[in-house]
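The values are calculated or read from the model by the stated rules, or taken from the named source; none is laboratory data. Computed from a prediction, not measured in an experiment: that's the story for all the values here. Heads up, the Cβs are rebuilt from the backbone with ideal geometry, glycines too, and the neighbour counts pull from every protein chain shown. Accessible surface is based on the protein model in full, side chains and every heavy atom, while ligands, DNA and RNA are left aside. Shrake-Rupley method; radii C 1.70, N 1.55, O 1.52, S 1.80 Å.
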Amino acid sequence: MYSVTLQKILIYIGWGIIIGAIIGFSAVLGFDLDGSVFVLSIFLSIFGVFLAAMYAELYHIREAVNKQRREHK
């Protein structure tokens, strides 16, 4: 059985914040943009990390189902 835990969610949020902060700092400092770009990049990075994590988990579930189907044939 598969369940998403709070620890995984917090780890994904942490990765999104780290990636978003790097992108946001380089946008603010390198391209002389305002702070709203920093906040936007953090939110978009968190969203992107969650999308990638969901895709990876669904891929693993699909592989497990395919393996189970092959074993029953």
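Cα convex hull, the chain: 79 Å³ per residue, rounded to a whole number. Average accessible surface for the chain: 83 Å² per residue, computed with a 1.4 Å probe over protein heavy atoms with every protein chain in place. Report, to the nearest whole %, how much of the accessible area of the chain belongs to carbon and sulfur atoms, 1.4 Å probe, protein only. Roughly 72 percent of what the probe reaches on the chain is carbon or sulfur. In this label model, VAL28 and LYS67 are separated by 4.4 nm, measuring between points 7 Å along each Cα→Cβ vector.
Model label points for MET54 and VAL39, set 7 angstrom from Cα along the Cα-to-Cβ axis, are 2.4 nm apart. Each helix, a run of at least 4 DSSP H residues, gives -39500 (n - 2.57); summed and divided by the residues of the chain, these come to -31500 deg cm²/dmol at 222 nm. When the Cα positions of HIS60, GLN7, SER45 are compared along the charge dipole of the chain, HIS60 comes out farthest toward the positive end, with charges on each C-beta of Lys, Arg, Asp and Glu. Of the chymotrypsin sites (Phe, Trp or Tyr not before Pro) found in the chain, those in coil by DSSP whose Cβ has at most 15 other Cβ atoms within 10 Å are TYR2, PHE31.
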